[in-house]
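In what follows, a structure is listed as structure tokens, so that the remarks can point back to it.
The values are calculated or read from the model by the stated rules, or taken from the named source; none is laboratory data. Computed from a prediction, not measured in an experiment: that's the story for all the values here. A quick note on method: Cβ atoms are made from the backbone with ideal geometry, for glycine too, and the neighbour counts reach across all protein chains shown. We work out accessible area using only protein heavy atoms, side chains counted, and drop any ligands, DNA or RNA first. Shrake-Rupley method; radii C 1.70, N 1.55, O 1.52, S 1.80 Å.
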Amino acid sequence: MVKFIYFIITLLGGLNNLDSNFYYEEIPLNVQNEMINVSYFENDEISFDDLVLVHILYIGFDKVEHKGELVVNKKIADDILDIFKSLYLNKYEIEKVERIDKYNGDDYLSMESNNTSAFNYRYIENTNQLSNHAYGLAIDINPFYNPYVYEHNNTLIVSPKSAFKYADRNKNFKHKIDRNDLAYKEFIKHGFTWGGDWTYKKDYQHFEKII
């Protein structure tokens, strides 16, 4: 009986510790200042009031626990917490989870560094249409191993270019997102769609939720 009670106390303590490391908050002023004119620009579509700063734990490629931060739309904040809790508990490996401000808001540099990120007020590549990242409704997971791929003038375009060898999704390699991948299953379960299901262009890193 004593052992059982100890087990319950330990379990509850672990769950409480988990909750204390998985939470979101209004974006602090110091973080807002780091974002202004980097990942956030004055606009009529979205304000800081629409966004939250999400704190998570994740298991890195080094098999070690790390703390990460994501800025997302508050409408998907609970989804993001649930998904990343599941990934963490299942020891799903993510190399980095840093706000894109650390890459000067440069999506390409963030992808090359295999950084998992979410909000970034930017346009879809080669268009004047805002990305769903600009609304905080999209997230890119392990982007170097899951690049953006499409064909143009009979030439395969891969972004980032240095991830070309990961464009062939028939190959087996670690950290590949496909329909058997846990991240795919978790995001789909929470109502997100996957860029790997797009018809003409494939964005294997990308999940978004239209609200």
Subject >> At least 15 Å along the helix axis (C-alpha) and Kyte average at least -1.0, DSSP helices within the chain >> reply: 2-21, 77-89
**OP:** Given a cut-off of 27 Å, name the pairs among 74/171; 165/201; 63/165; 102/161 whose C-alpha atoms lie farther apart than that in the structure shown.
**Re:** 74/171
**OP:** Averaging sequence separations of C-alpha pairs under 8 Å and six or more residues apart, then dividing by the length of segment 164-206, give the relative contact order as a whole percent.
**Re:** 25
**OP:** Would you compute, from DSSP H runs of 4+ residues alone, the mean residue ellipticity of the chain at 222 nm, taking -39500 (n - 2.57) per run and dividing by the full residue count, rounded to the nearest 500?
**Re:** -7500 deg cm²/dmol
Original post:
What Kirkwood hydrodynamic radius, in Å, does the chain give when the mean of 1/r is taken over all pairs of distinct Cα atoms and then inverted?
Top reply: 18.0
**OP:** List the residues whose amide H sits under 5 Å from the amide H of residue 198, counting only those 5 or more places along or on another chain, with H placed 1.01 Å from N in the peptide plane.
**Re:** 203
Original post:
Which whole-number value in Å² is the accessible area per residue of the chain, probe 1.4 Å?
Top reply: 55
Subject >> Carbon plus sulfur fraction of accessible area for segment 38-88, probe 1.4 Å, in percent >> reply: 44
**OP:** Order these peptides, 30-38, 112-120, 99-107, by their mean beta-carbon neighbour count within 10 angstrom, highest first.
**Re:** 112-120, 99-107, 30-38
Original post:
Dividing the alpha-carbon Rg of segment 102-211 by 2.2 N^0.38 Å yields what?
Top reply: 1.01
Original post:
With Rg and the Kirkwood Rh both taken from Cα atoms, where does Rg over Rh land for segment 69-124?
Top reply: 0.99
**OP:** Please list the equivalent ellipsoid semi-axes of segment 30-136, computed as the square roots of five times the alpha-carbon gyration tensor eigenvalues, in descending order and whole angstrom.
**Re:** 24, 16, 12
